[in-house]
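**Q** Take this structure first; my questions come after.
Any read-out appearing in this document is the output of simple, stated calculations on the displayed coordinates, not a laboratory observation. Treat the numbers as computed from the prediction; the structure is a model and nothing was measured. So basically every Cβ, Gly included, is an ideal-geometry build from the backbone, and we count neighbours across all protein chains shown.
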Amino acid sequence: MSSWRRDIALLIVLQVVLGLAYLSSVPRIYVDEVWDSALGYNLAFKGSLSHPFVEGFGGMDVHFVQNRVVLPFVCAAIFKVAGYSILTSRIASLIFGVLAIVSLYAVMRRWFGGKQAFWICLATIIHPWFFEVSRRARPEIYCTALALVFLWLMLSFFDSGSRWIAFFAGVLAGLLGLTHPNGLLLVFSIGLAVLFWLETKSLARLFLWASVGLVLVILPYIIYVFWAIQDPQVSFIEQMQPSLVQRPILHSEIIRWRGFLRWPKGAPLAIIMLTSWILAWYRSSTTDKTIATIIALFIFILPFTSVNTTGRYLVAIVPFSSALIIRLIWRIITGSGVILQNWHKARFAIGMCTGFVYLSTCIVGITLLFYYFLGADVNKIIQRVASVVEPDSRVCGDPMLWFGHERYQYGPWIYISENEPITVREAINWAFKYRFDYAVRDAWKVTTPIGIQLPPRSMPDFRTDKLCDHICRIFGTKVDEFYDPYYGPIEIYKLNWNKRF
């Protein structure tokens, strides 16, 4: 077996083994995964691209028209074969994680040789954020994988000038645009960096055939959107409009980077990332500068294209950042284009220390996730709720309860935009329309669990900004309560809608 085949095989095995370990529980499930995977469920078993439990988001329950359709179609194919569950929802992400690693190896072997390509891929696999998103039913790993395939196709075109490769590059660009809005940003960042730094040829042919591929992918989506919005309940603008508080860009990016770096725990990793990016411009190759430019374009444009401050959006730069880090270590040890040319032992020590800090930081991050969440099984909560409520009961509560929708009737769940909030009376009138039989109250709001943050130990007082709390306080009688070490205290209320409000 040739060395590159052996390297790819080892990397795939590592990614799969690391990815499959406790896949259903690590990391802890949160609302976005239920939200996204439920679209695939409806597509697979109802034949409809619509949301099965969300109401109040531009008619998403009638027709889903956001440009985030790749994940639902991929998940639907898996659900058809293996059924719907947390595990099968996440298997798709693991597959795209493997695709990302294989594509990254192909690009980096082309640029820096097999040895460096192997270490770059290894550094990516063990990065805590890459580890996490390649196990979540979220679009970030889809974008990352497809972006790396797009980069590989662009480089292949400039070698061969093949119109078919240009065509498929356009197809990948279209798929990126239909995976997540950030996919278009990745296409722009990669395309502009490659065209600026690397020797190019046959640009007219590239743009012509790539445009054909792009149009063939995007056109069916455009036709679908125009058809869907004929329904007066469906609003493309409302579905595309985020309901997040607008903050100054600098403040938003501080929040994003603090989350991404798990500040201050990730300070050593931040120093290494910044140093590797800066030195990528010093006596370096054009490929180093290309990678640095991709990173720069993405992180500088992202604040202007997204008001979501989540750190997970930055996972798209992890493979490129890993490449610069390994390149930095390689250049220090070999003395390639760095200072201290004659200080062989010092360079070796610095390079090894840098690698050790990166390796230890990443391994500690992944180890903590396993340590804290090995038993974070949402099915335990589902089973407890199902044991209390009747099979035909209508249940309201956190969207993660949707995973038990075959054991009781979950939802619907109302999406209340922060841009257009509704009054408590309006919200309760909406709930009264469905006359839920039970409400399940939890200590956390519907939000992303941050890192290894542990849940509250006790249930807070009834909150004024959570609909379920109002329903439980006014119409409910507590019939059960329990504590889950991974999701906190949970209460189940039997509802009586004859009470006065």
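**Q** Please report the antiparallel percentage of DSSP beta bridges with both residues in segment 378-495, rounded to the nearest 5. Display every interim value, and only then the final one.
**A** Numbers: 13 of 17 bridges.
Counting only bridges with both partners in segment 378-495, antiparallel ones make up about 75 percent.
**Q** What is the order of E140, E406, fewest Cβ neighbours within 10 Å to most?
**A** Ordered from fewest to most neighbouring Cβ atoms within 10 Å, E140, E406 come out as E406, E140.
**Q** Give the angle, between 0 and 90 degrees and rounded to the nearest 10, that separates the Cα long axis of helix 163-177 from the longest principal axis of the Cα atoms of the chain.
**A** 40
**Q** Just the ratio, please: alpha-carbon radius of gyration of segment 378-495 over 2.2 N^0.38 Å, N its number of residues. Write down the numbers at each step before the final one.
**A** Details: Rg = 13.7 Å, N = 118, 2.2 N^0.38 = 13.5 Å.
Computed over Cα atoms of segment 378-495, the ratio equals 1.02.
**Q** Fewest to most neighbouring Cβ within 10 Å: what's the order for R136, R327, R5, R394? Present the calculation step by step, with values, prior to reporting the outcome.
**A** Working: R136 21, R327 26, R5 9, R394 17.
Fewest to most other Cβ atoms nearby, the residues stand as R5, R394, R136, R327.
**Q** While we're here: Can you compute the modelled spin-label distance between F356 and S285, with each label point 7 Å from Cα toward Cβ, in nm?
**A** 2.9
**Q** Right, another one. Could you go through segment 385-394 in sequence order and give the Karplus-derived ³J(HN,Hα) for each residue, using 6.51 cos²θ - 1.76 cosθ + 1.60 with θ = phi - 60°, rounded to whole Hz, and x for Gly and Pro?
**A** 4, 5, 6, 9, 8, 7, x, 9, 6, 9
**Q** Which value, in debye to the nearest 20, gives the size of the charge dipole of segment 205-269 about its Cα centre, when Lys and Arg are +1 and Asp and Glu are -1 at the Cβ?
**A** 520
**Q** Per DSSP H run of n ≥ 4, the term is -39500 (n - 2.57); total these for the chain, divide by its residue number, and report the mean residue ellipticity at 222 nm rounded to 500 deg cm²/dmol.
**A** Helix-only estimate at 222 nm: -19500 deg cm²/dmol.
**Q** Could you work out Rg/(2.2 N^0.38 Å) for the chain, with Rg from alpha carbons only?
**A** Here the answer is 1.04, to two decimals.
**Q** Let's see if you can work this out: charge +1 on each Lys and Arg Cβ, -1 on each Asp and Glu Cβ, no other charges. What is the dipole magnitude of the chain about its Cα centre, in debye to the nearest 20?
**A** Its charge dipole is roughly 1320 debye.
**Q** How much FRET efficiency would the formula 1/(1 + (r/R0)^6) give for H251 and F188, where r is the Cβ-Cβ distance and R0 is 25 Å, rounded to 0.05? Write out the running numbers ahead of the final one.
**A** On the way: r = 25 Å, r/R0 = 0.99.
That pair, H251 with F188, gives E of 0.50.
**Q** Within the chain, how many Lys pairs that are eight or more residues apart, or on different chains, come under 26 Å at the alpha-carbon?
**A** 25
**Q** Hey, another quick one. Output the antiparallel fraction of DSSP beta bridges having both residues in the chain, as a percent to the nearest 5.
**A** 70
**Q** Roughly what angle does helix 267-279 make with the longest principal axis of the chain, taking Cα atoms, 0 to 90 degrees, to the nearest 10?
**A** 40
**Q** Give the calculated FRET efficiency between E481 and R258 to the nearest 0.05, with a Förster radius of 41 Å applied to their Cβ-Cβ distance.
**A** On the way: r = 34 Å, r/R0 = 0.84.
Calculated transfer efficiency: 0.75.
**Q** Suppose R0 equals 51 Å. What FRET efficiency, 1/(1 + (r/R0)^6) with r the Cβ-Cβ distance, do W227 and R463 give to the nearest 0.05?
**A** The calculated FRET efficiency here is 0.80.
**Q** Quick check on the exposure proxy: order F432, F320, F118 from fewest to most C-beta atoms within 10 angstrom.
**A** Going from sparsest to densest Cβ surroundings: F432, F118, F320.
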